[in-house]
Amino acid sequence: MCRLIENVGFDFFKVLEAEDGAVALELLKTSRAEILITDYQMPRLNGVELTRAVRSLDLGRYIHIILITGTETGDYGVRADALDAGADDFLNKQDDPTGLKARLTTAMRLIDHGKELEEQHRVLKEANDRINEDLAAAAHAQRNLLPDINTDILGAHIASAFVPSSVVSGDMFGCFPLNDSQIGFYAVDVSGHGIRASLLSVAIGYLITPEFFVKSVLDEDGIPRPARLVRELNARFCTDVHDDYFTMFCGVMDTQRIKVFYCQAGYPSPYYVDAQGNVTRIGSGGFPVGMFGDADYEDGVIGVDLDGMLLCCSDGAFEAENDEGIPFGEPRMEKIVKEIYRDPADKVPEKIIKALADWRGRKPLEDDLTVVAVKRNMK
């Protein structure tokens with residue numbers, strides 16, 4: 001065998017010889033050999049058995065296997081078995097050296113190509129790892145902008161749940177005291193998914209600070225005008241690229257006037273449940289922010305009972321589908337709301353999330369999901 005290889009004329013090959021298949025297998029484990037030329041007829045392990053044993057190993061590299069048969073026409077049954085075991089090529093002992101040379105040249109070309117692919121895979125993996133690290137950092141930054149999932153502000157208990165459909169999300173919400181009697185809040189759902197939607201939602205989250213909210217919403221007499229905030233955002237974000245728009249619901253809970261002043265801009269109408277369990281949908285739609293430069297927005301107002309509940313859900317809640325492709329929908333959501341409105345605020349979002357998870361079953365979430373419950377607690 002060694003003489004056959006030496007006759008090829010490839011001086012740069014380092015040839016390791018083994019007297020049988022078992023020894024060859026050990027050499028492959030302890031060396032960096034990349035090509036195995038094996039006779040079929042060998043003691044302990046024949047060529048097919050050796051091939052099968054090599055393919056069962058995790059060597060961290062690919063071994064190109066050439067099986068040599070001794071008959072003039074070749075044993076086609078042996079070749080079939082060898083192919084099934086993982087052999088790459090065959091050679092008859094009666095072939096002249098040019099046949100082996102051609103096969104070795106092919107083997108080297110395939111091995112080099114494999115190394116190029118491995119290097120490309122390594123580079124792509126490194127790039128993918130960096131992207132995943134950046135996404136994780138972006139998700140962390142985004143979550144840091146969100147309020148605590150349970151917080152008490154001026155006698156109101158605000159609870160939330162946030163479930164992104166991917167690492168980052170296009171949903172954003174916030175709540176904060178504006179003074180000693182008013183609570184500002186907003187919920188945003190950016191169109192689309194992924195990084196682009198996340199960047200816009202984070203930009204909105206950084207923009208809408210309590211100071212910005214007060215300046216934009218409260219008039220000279222301290223009366224909340226949340227439509228002014230929405231108009232300002234529409235002017236700021238309305239561009240020629242109409243894909244970058246978002247829906248929004250924002251407002252002020254005024255504990256002195258015992259009212260909620262709000263503006264709806266395409267966001268799903270929230271639920272208001274009074275202390276007796278009567279359910280009302282708030283708002284009448286409105287245009288998304290950033291879609292139409294001449295869009296106008298209106299203020300709305302509702303009274304708020306002690307122990308009443310305001311519930312905001314992004315459209316991911318209503319559009320969540322089960323295995324049959326049927327969305328959860330508004331009737332089921334209203335039924336859930338009626339069942340849980342007496343629960344403490346911190347239990348409401350988690351029960352809605354569980355109901356949606358039970359409905360979806362094995363189907364993944366296709367849109368970001370945000371649930372925010374606000375209750376005025378009776379003292």
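The values are calculated or read from the model by the stated rules, or taken from the named source; none is laboratory data. As the structure is a computational prediction, the values presented were derived from the model and not from experiment. All Cβ positions, glycine included, derive from the backbone under ideal geometry; neighbour counts span all protein chains shown.
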Could you list all residues from region 320-379 that are without any contact (Cβ under 8 Å) to a residue 60 or more places away in the chain and acidic (Asp, Glu)? GLU321, ASP323, GLU324, GLU330, GLU339, ASP343, ASP358
Out of ALA275, ALA197, ALA227, sole residue that is in contact with a strand residue (DSSP E or B) (Cβ under 8 Å, 6 or more places away or on another chain) and more than 25 Å from GLY329 (Cβ to Cβ): ALA227
Can you give me the ranges of the strands (runs of 3 or more DSSP E) entirely in region 11-128 with at least 3 residues that are among the hydrophobic types (A, V, I, L, M, F, W, C) and more than 30 Å from VAL167 (Cβ to Cβ)? 35-39, 64-69
Can you find, within region 63-107, the residue that is modelled with the highest pLDDT among those that are in contact with a Gly (Cβ under 9 Å, 6 or more places away or on another chain) and among the charged types (D, E, K, R)? LYS101
Filtered residues of region 298-319 (kept if crowded, with 21+ Cβ neighbours inside 10 Å and without any contact (Cβ under 8 Å) to a residue 60 or more places away in the chain): CYS313, ALA317
Examine region 256-269 for a residue that is of a type outside the set (S, T, N, Q), free of Cβ contacts under 8 Å to residues at least 24 places away in the same chain and closer than 21 Å to ILE183 by Cβ, and state whether such a residue exists. yes
Scan region 243-262 for residues that are under 17 Å from VAL301 (Cα atoms), β-branched (Val, Ile, Thr) and in a strand (DSSP E or B) and jot them down. VAL252, VAL260
Filter result for the condition that a residue is in the same structural domain as ARG109 (by TED's automatic domain parsing), modelled with pLDDT of 85 or more and touching a Pro at 6+ places or on another chain (Cβ under 9 Å), over GLY21, GLY60: GLY21
I'm trying to understand the selection: among the residues of region 258-297, which are surrounded by 17 or more Cβ atoms within 10 Å (Cβ to Cβ) and among the β-branched types (Val, Ile, Thr)? VAL260, VAL273, ILE282, VAL289
Let me spell it out: the conditions are (1) touching a strand residue (DSSP E or B) at 6+ places or on another chain (Cβ under 6 Å); (2) under 28 Å from ARG362 (Cβ atoms), and LEU310 meets all of them except one. Which number is the exception? (2)
